[in-house]
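Here's the structure we're looking at; comments come further down.
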Amino acid sequence: MKKILFPLLGLLLFSMPVMVQAATASTSWRATVDRLIDEGEFTKAMQLMARLPKAERRANAFAIDSLGEVMRRIRKDFTLTPEEGVKAIREKYPDATDEQIAEWKRSRAIETMTIDGTEWWFRKAVRNLWLLGDEFKEQNKVNNAEGAERLLKIFREAMATRPDTAGVRDWRHVNVTFTLDVNADAVPAGETVRAWMPLPYENLRQRNIKVESSNRPVTLSQGSKHHTVYMEAKAVKGQPTHFEYTFSYDVGERHLCQQDLLALAQPYKHTPAYVRYTSSEAPQVVITDTMQALAEDIVGDLDEHPVIAASRIYHWIAVHFPWAGAREYSTLRNIPEYVLLNKHGDCGQVALLYITLCRAIGIPARWESGYMLHPGEVNFHDWAETYFEGVGWVPTDPSFGRDVEGSVLNDYYATGIDVYRLASNEGIADALSPAKKYLRSETLDFQAGEVEWKKGNLYYDTWSSHLKVNSITPIKY
């Protein structure tokens with residue numbers, strides 16, 4: 001079957017609603033295909049779509065091609081054979097028994113999927129096991145204690161500075177170089193390669209954003225929740241296509257302690273913004289009856305103060321869902337439900353669970369993401385923001401909470417964030433600017449970048465990107 005390369009606005013896999021699904025009166029096949037994919041019956045799913053009437057296939061070409069791409073991406077995530085997985089486990093933990101391995105699979109500490117009758121392990125399954133297995137909890141506590149001590153040092157440095165009128169302190173000037181390299185001959189020589197790359201945006205904690213230099217002309221995004229630098233280049237035969245730019249910005253630490261928030265927060269006003277941020281945003285923020293009941297159970301008293309209610313949700317997530325490496329978001333139909341089922345999640349997954357649970361009980365919450373820039377730990381990172389009337393949007397980092405439970409930082413990341421951040425996204429699954437013609441590699445978030453040429457999207461296996469922190473310098477006022 002010839003692959004159909006379709007516009008971004010047509011369909012974003014599982015990370016946006018299927019807008020083309022209403023193209024025909026009969027779309028019952030879609031539910032069957034979804035079920036077959038969930039069950040790992042990929043061949044049957046492809047055969048079912050291939051047998052659809054010609055008119056049905058033509059009308060739903062975008063959806064059909066997307067579902068094929070979902071299955072391709074799942075296969076790329078589940079590449080470890082059970083034999084390879086067991087060997088890797090016993091190389092590090094020789095005493096692992098068959099019974100233990102079976103229990104790790106049952107508890108989902110080892111994530112597996114049976115595809116067309118063959119069992120495959122998630123490519124990060126062994127790495128995740130050391131984070132998730134009960135046998136390794138004590139060592140993880142030691143590791144977390146070391147991480148908490150580093151965060152405590154950062155906290156003390158911030159507290160030694162004076163906050164401004166917005167409560168932001170410890171201002172730093174950051175200089176960063178971002179590079180993206182498309183593999184040689186990934187596209188034919190002479191063809192135009194289009195690249196989108198991250199850039200911070202102005203908010204209470206970030207300002208004075210400036211592109212200092214670039215190896216090609218740049219276009220800055222307009223109107224998108226994903227803030228980007230855009231460049232183009234002609235491919236040269238036998239050579240990688242290189243994009244590079246250096247930017248700077250000022251960033252500060254901001255937190256509001258629980259006691260202050262309890263004094264400042266007012267009853268919510270039911271404005272359009274309040275309604276928006278307490279409603280579902282399918283498919284990744286969906287307030288089902290089950291999700292609402294869970295949120296109510298966590299909070300206990302529906303008349304509880306929103307600051308306390310949000311804190312209970314934050315700590316419940318921190319206690320129950322250890323961090324682990326994630327599957328590609330574009331292959332997951334509902335990420336919060338995936339976290340609940342698998343009992344773990346990475347930063348973005350638990351952030352989406354936090355946002356959903358808060359919204360379910362009428363607390364506005366939204367997404368923010370970009371990078372963590374902590375010394376020696378520069379990486380992608382996602383978190384949330386929580387809105388309290390009379391205060392505004394307050395940063396919340398659910399995945400950092402697991403490292404500070406029981407310390408002076410116990411509630412810090414529930415209503416605050418440290419200075420080592422680069423926020424480039426203020427929402428999820430938005431259209432890029434300038435418009436991207438083809439399906440994004442990451443359909444939900446934006447950190448690594450996005451690349452395409454005239455005949456289609458270029459996936460991660462055809463390029464690489466890197467963010468280098470050149471300097472983080474305290475600003476003295």
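The values are calculated or read from the model by the stated rules, or taken from the named source; none is laboratory data. Bear in mind that the values here come from a model prediction, so they are computed numbers and not experimental data. Here the Cβ is made from the backbone with ideal geometry for all residues, glycine too, and neighbour counts use every protein chain on show. SASA here: full protein model, heavy atoms, side chains in, ligands and nucleic acids out. Shrake-Rupley method; radii C 1.70, N 1.55, O 1.52, S 1.80 Å.
Do any residues in the range 294-315 that are more than 20 Å from Ala351 (Cβ to Cβ) have Cβ atoms under 7 Å from those of residues that are of a type outside the set (Lys, Arg) and modelled with pLDDT of 95 or more, where the two are at least six apart or on different chains, and which pairs are they? Here the result reads Glu296/Ile361; Leu302/Glu296; Leu302/Ile361; His305/Leu262, each pair linking the range 294-315 to a residue that is of a type outside the set (Lys, Arg) and modelled with pLDDT of 95 or more.
Of note, Gly416 satisfies the criterion of being farther than 24 Å from Lys76 by Cβ and either open to solvent by 10 Å² or more (accessible area, probe 1.4 Å) or more than 13 Å from the chain's Cα centre (by Cα) (or both). Given the criteria in contact (Cβ under 8 Å) with a residue 60 or more places away in the chain and open to solvent by 70 Å² or more (accessible area, probe 1.4 Å), does Gln206 qualify? The answer is no for Gln206. Residues that are touching a Leu at 6+ places or on another chain (Cβ under 7 Å), open to solvent by less than 10 Å² (accessible area, probe 1.4 Å) and of a type outside the set (Lys, Arg) within the range 423-477 comprise Ser424, Thr443, Gly449, Glu450, Val451, Glu452, Gly456, listed in sequence order. For the structure I just gave you, tell me whether Gln239 is out of contact with any Cys (no Cβ under 6 Å at 6 or more places or on another chain), modelled with pLDDT under 95 and more than 28 Å from Ser424 (Cβ to Cβ). Here the answer is no, as Gln239 does not meet what is asked.
Being over 24 Å from Tyr420 (Cβ atoms) and either without any contact (Cβ under 8 Å) to a residue 40 or more places away in the chain or within 22 Å of the chain's Cα centre (by Cα) (or both) is true of Ser224.
If you go through the range 63-81 and keep only what is over 17 Å from Ser441 (Cβ atoms) and either open to solvent by 30 Å² or more (accessible area, probe 1.4 Å) or of a type in the set (Lys, Arg) (or both), you end up with Thr79, Leu80, Thr81. In this structure, does Gly85 turn out to be at positive phi and buried (at least 18 other Cβ atoms within 10 Å of the Cβ)? No, not satisfied.
Condition check: touching a residue at least 24 places away in the same chain (Cβ under 8 Å), out of contact with any Cys (no Cβ under 9 Å at 6 or more places or on another chain), part of a loop (DSSP other than H, G, I, E, B) and among the small types (Gly, Ala, Ser). Does Ala148 satisfy that? Walk me through it before giving the result.
Working: touching a residue at least 24 places away in the same chain (Cβ under 8 Å): yes; out of contact with any Cys (no Cβ under 9 Å at 6 or more places or on another chain): yes; part of a loop (DSSP other than H, G, I, E, B): no; among the small types (Gly, Ala, Ser): yes.
Considered against the rule, which asks whether it is touching a residue at least 24 places away in the same chain (Cβ under 8 Å), out of contact with any Cys (no Cβ under 9 Å at 6 or more places or on another chain), part of a loop (DSSP other than H, G, I, E, B) and among the small types (Gly, Ala, Ser), Ala148 comes out as no.
Just to verify a result, which residue in the range 95-110, among those that are at pLDDT 95 or above and surrounded by fewer than 10 Cβ atoms within 10 Å (Cβ to Cβ), is nearest to Asn342 (Cα to Cα)? Step by step, filter the range 95-110, then rank; the result is Arg106. Scanning the range 122-141 for residues that are in contact with a Leu (Cβ under 7 Å, 6 or more places away or on another chain) and in a helix (DSSP H, G or I) yields Ala125, Asn140. Residues that are outside any loop (DSSP other than H, G, I, E, B), buried (at least 21 other Cβ atoms within 10 Å of the Cβ), among the polar types (S, T, N, Q) and out of contact with any His (no Cβ under 6 Å at 6 or more places or on another chain) are absent from the range 287-294 altogether. With respect to the stated conditions, Ser221 fails to be farther than 24 Å from Met372 by Cβ and either in contact with a His (Cβ under 8 Å, 6 or more places away or on another chain) or surrounded by fewer than 15 Cβ atoms within 10 Å (Cβ to Cβ) (or both). Just one of the listed residues (Glu83, Glu111) is of a type in the set (D, E, K, R) and in contact with a helix residue (DSSP H, G or I) (Cβ under 9 Å, 6 or more places away or on another chain), and it is Glu111.
For the residues Thr228, Thr179, Thr246, the requirement of being touching a His at 6+ places or on another chain (Cβ under 8 Å), surrounded by 15 or more Cβ atoms within 10 Å (Cβ to Cβ) and within 30 Å of Leu151 (Cα to Cα) singles out Thr179.
In this structure, Met1 does satisfy being closer than 25 Å to Met113 by Cβ, in a loop (DSSP other than H, G, I, E, B), modelled with pLDDT under 50 and of a type in the set (A, V, I, L, M, F, W, C).
Counting only residues that are in a strand (DSSP E or B) and of a type in the set (Ser, Thr, Tyr), which one in the range 420-477 is nearest to Glu202 (Cα to Cα)?
At the first step, the residues of the range 420-477 found to be in a strand (DSSP E or B) are 421-425, 438, 450-453, 456-458, 463-474.
Then keep just the ones that are of a type in the set (Ser, Thr, Tyr); that gives 424, 438, 464-465, 471, 473.
Values: Ser424: 9, Tyr438: 28, Ser464: 27, Ser465: 23, Ser471: 20, Thr473: 19 Å.
Checked the range 420-477; the qualifying residue nearest to Glu202 (Cα to Cα) is Ser424.
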